[in-house]
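The structure under discussion appears below in the form of structure tokens.
The values are calculated or read from the model by the stated rules, or taken from the named source; none is laboratory data. Computed from a prediction, not measured in an experiment: that's the story for all the values here. Neighbour counts run over all protein chains shown; Cβ positions are idealised from the backbone, glycine included.
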Amino acid sequence: MFTVPRALPPQVTAPVVAVLARLGVTPSQLTFLQLLGGIVAGVVIASGELAWGGVVLLASATLDAFDGALARATGRVTRFGGVFDSTVDRLFEGAVLAGVLYYYLDRGGKEESLLVFAAMVGSLCVSYVRARAEVEGVSLYDGLFTRVVRLLFLTAGLVLNVLSVVLWLLAVMTLLTVAQRLFVVWLRLRDVEPGGAGR
């Protein structure tokens, strides 16, 4: 199944992580800073500055590539840290999409507002299927429109002023990714439980 790299290569992260560690920055601080950046991006987008919102979005999202690496490098990997990071990822995406939603509601864009809603629901479900699959012992990283892909497309839509086109893509592809992940989970579970994985 198609998937995208989940992390930047060590050649990229290691020098940055080394500097952050020397400065005494903690992984949780970095994660929280990412969330603040997402909120700022949402506010900037809501104000109508789409391109600048895209720039802030990309800069903030990049922080997610370093908090895990920083935790491993400084021996601060914890189970709560993983939960906190995953929760912030959802809040980050929600804050940005809330800004897009406000932008279109303020301008009477009913179609675009519905697309934002669909993209938001789809994005949450993509993540939920993975979380629920892991409860069942299935590690799931497959997906056409994972978080990294969604944020890259959203950034491109904002910066290149093709946001309405990207919203259609996000609305459709997130829901297709949900279906794809469900199918992958079904394939992996059907042979390990009595009666198959179906209901």
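What pairs come up if the first residue lies in region 68-86 and is part of a loop (DSSP other than H, G, I, E, B), the second is crowded, with 17+ Cβ neighbours inside 10 Å, and their beta carbons are under 6 Å apart, counting only those six or more places apart or on different chains?
Pairs found: Arg76/Pro27; Val77/Ala71.
Could you check region 101-151 and list, in sequence order, the residues that are part of a loop (DSSP other than H, G, I, E, B) and aromatic (Phe, Trp, Tyr)?
So in region 101-151, the residues part of a loop (DSSP other than H, G, I, E, B) come out as 107-109, 136-146.
Hits for region 101-151 are Tyr141, Phe145.
Within region 70-98, track down each residue that is over 21 Å from Leu170 (Cα atoms) and buried (at least 21 other Cβ atoms within 10 Å of the Cβ). Explain how you work it out, then say what you get.
Step one: filter region 70-98 for residues over 21 Å from Leu170 (Cα atoms), giving 70-85.
Once the filter is applied, which keeps residues that are over 21 Å from Leu170 (Cα atoms) and buried (at least 21 other Cβ atoms within 10 Å of the Cβ), region 70-98 yields Leu70, Ala71.
Return the pair list, or none, for Cβ contacts closer than 6 Å from residues in region 122-144 that are within 19 Å of Val172 (Cα to Cα) and at pLDDT 90 or above to residues that are assigned to a helix (DSSP H, G or I) and acidic (Asp, Glu), at least 6 apart or on different chains.
Listed pairs, sorted by first residue: Ser123/Glu93.
Report yes if Gly53 is touching a helix residue (DSSP H, G or I) at 6+ places or on another chain (Cβ under 9 Å) and over 18 Å from Thr174 (Cβ atoms), otherwise no. Give the steps one after another, and end with the answer.
Details: touching a helix residue (DSSP H, G or I) at 6+ places or on another chain (Cβ under 9 Å): yes; over 18 Å from Thr174 (Cβ atoms): yes.
So Gly53 fits the description; yes.
Here are the criteria: (1) touching a residue at least 24 places away in the same chain (Cβ under 8 Å); (2) over 15 Å from the mean Cα position of the chain (by Cα); (3) surrounded by fewer than 21 Cβ atoms within 10 Å (Cβ to Cβ). Tell me which single one Gly108 does not satisfy.
It fails just one condition, (1).
What's the number of the only condition in (1) more than 22 Å from Arg150 (Cα to Cα); (2) basic (Lys, Arg); (3) assigned to a helix (DSSP H, G or I) that Arg90 fails to meet?
Only one criterion in (1) more than 22 Å from Arg150 (Cα to Cα); (2) basic (Lys, Arg); (3) assigned to a helix (DSSP H, G or I) is unmet by Arg90, namely (1).
Between residues in region 165-188 that are at negative phi and among the small types (Gly, Ala, Ser) and residues that are part of a helix (DSSP H, G or I) and crowded, with 16+ Cβ neighbours inside 10 Å, which pairs lie under 9 Å by C-beta distance while being six or more apart or on different chains?
Between residues of region 165-188 that are at negative phi and among the small types (Gly, Ala, Ser) and residues that are part of a helix (DSSP H, G or I) and crowded, with 16+ Cβ neighbours inside 10 Å, the close pairs are Ala171/Leu115; Ala171/Val116; Ala171/Ala118; Ala171/Ala119; Ala171/Gly122.
Mind checking which pairs have a first residue in region 8-37 that is under 18 Å from Arg76 (Cα atoms) and a second that is surrounded by fewer than 17 Cβ atoms within 10 Å (Cβ to Cβ) and modelled with pLDDT under 85, Cβ under 6 Å, 6 or more apart or different chains?
Qualifying pairs under 6 Å: Ala21/Thr74; Pro27/Arg76.
If Ala98 meets every condition in (1) within 12 Å of the chain's Cα centre (by Cα); (2) in a helix (DSSP H, G or I) apart from one, which number is that one?
(1)
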